[in-house]
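Student: Below is a structure I'd like to ask you about.
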Amino acid sequence: MLFDRDRARRRGPGRYQIKLRPNERALVGDLVAQLREQLLASTDDPAVRRLFPPAYPDDAERDAGYQVLTRDTLLEQRLAALDTVEQSLDGGELDESGMTAWMTTLNALRLVLGTRLDVDEEPPALDPSDPMAPAYAVYEFLGWLLSQVVDVLSADLPPAAES
């Protein structure tokens, strides 16, 4: 198995922890810093634009109005989630809000990186010596970590209602 499934843990009802290895902590911290820098520089980069999807894709005028009303709030929420991830990289205990910030941030990182890599349903099979292999490995790692966060958070969901 490529990765051990032990990074995200449930510590009790509404209590969680993410314990990354030192190299993983450095990687996530660096990616978070890069995403923050990009968000503060411009939200118009095509890769970052995916984080601010259009509400009215077929009506540019209505969508521009929507973006004016919501973009700053969405940006503030994204930046707050990045702050939470940075502050909890050391493995401290998190509440549901903190875990949700991790989920949001990991998803955003994957969206941006996936857009830059032009990822579709299946990432290409790359030779390890391919210069793009490390970027795809990071993309896979983020997906693996995101999956763990979702699995751990879902443990606190109420059971599905029977139909």
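Student: Of these, 71, 10, which one is open to solvent by 90 Å² or more (accessible area, probe 1.4 Å) and modelled with pLDDT under 95? It would help to see each step written out before you state the result.
Tutor: Details: 71 fails: open to solvent by 90 Å² or more (accessible area, probe 1.4 Å).
Of the residues listed, the single one that is open to solvent by 90 Å² or more (accessible area, probe 1.4 Å) and modelled with pLDDT under 95 is 10.
Student: Can I ask one more? With the checklist (1) within 15 Å of residue 28 (Cα to Cα); (2) out of contact with any strand residue (DSSP E or B) (no Cβ under 7 Å at 6 or more places or on another chain); (3) of a type in the set (Gly, Ala, Ser) in hand, flag the one item residue 88 doesn't pass.
Tutor: (2)
Student: From 58, 63, 90, 83, grab the single residue that is of a type in the set (D, E, K, R), open to solvent by less than 50 Å² (accessible area, probe 1.4 Å) and either more than 19 Å from the chain's Cα centre (by Cα) or modelled with pLDDT of 90 or more (or both).
Tutor: Numbers: 58 fails: open to solvent by less than 50 Å² (accessible area, probe 1.4 Å); 90 fails: open to solvent by less than 50 Å² (accessible area, probe 1.4 Å); 83 fails: open to solvent by less than 50 Å² (accessible area, probe 1.4 Å).
Every option except 63 fails the conditions.
Student: Still on this model: Please work out which one of (1) surrounded by fewer than 15 Cβ atoms within 10 Å (Cβ to Cβ); (2) more than 15 Å from the chain's Cα centre (by Cα) is the condition residue 119 fails and give its number.
Tutor: With respect to (1) surrounded by fewer than 15 Cβ atoms within 10 Å (Cβ to Cβ); (2) more than 15 Å from the chain's Cα centre (by Cα), residue 119 is out only on (1).
Student: Same structure, new question: Just to check your reading of the model, which residue among 105, 100 is part of a helix (DSSP H, G or I), open to solvent by less than 40 Å² (accessible area, probe 1.4 Å), among the hydroxyl-bearing types (Ser, Thr, Tyr) and in contact (Cβ under 8 Å) with a residue 12 or more places away in the chain? Even if it seems obvious, please write down each step before you answer.
Tutor: Details: 100 fails: open to solvent by less than 40 Å² (accessible area, probe 1.4 Å).
None of the other options fit; the residue is 105.
Student: Can you find a residue that is touching a strand residue (DSSP E or B) at 6+ places or on another chain (Cβ under 8 Å), among the β-branched types (Val, Ile, Thr) and not in a loop (DSSP other than H, G, I, E, B) anywhere in the range 141-150? So that I can check it myself, show each step before the final result.
Tutor: We begin by selecting, within the range 141-150, every residue touching a strand residue (DSSP E or B) at 6+ places or on another chain (Cβ under 8 Å); these are 145, 148-149.
The next check asks that each one be among the β-branched types (Val, Ile, Thr); those that pass are 149.
With not in a loop (DSSP other than H, G, I, E, B) added as a condition, the list becomes 149.
Yes - at least one qualifying residue is present in the range 141-150.
The values are calculated or read from the model by the stated rules, or taken from the named source; none is laboratory data. The shown structure was predicted, so the numbers you read here are calculated from the model rather than taken from an experiment. For neighbour counting, all protein chains shown are included, and Cβ atoms are generated from backbone atoms with ideal geometry for every residue, glycine included. Remember, those area values only see protein heavy atoms, side chains included, never the ligands or the DNA or RNA. Shrake-Rupley method; radii C 1.70, N 1.55, O 1.52, S 1.80 Å.
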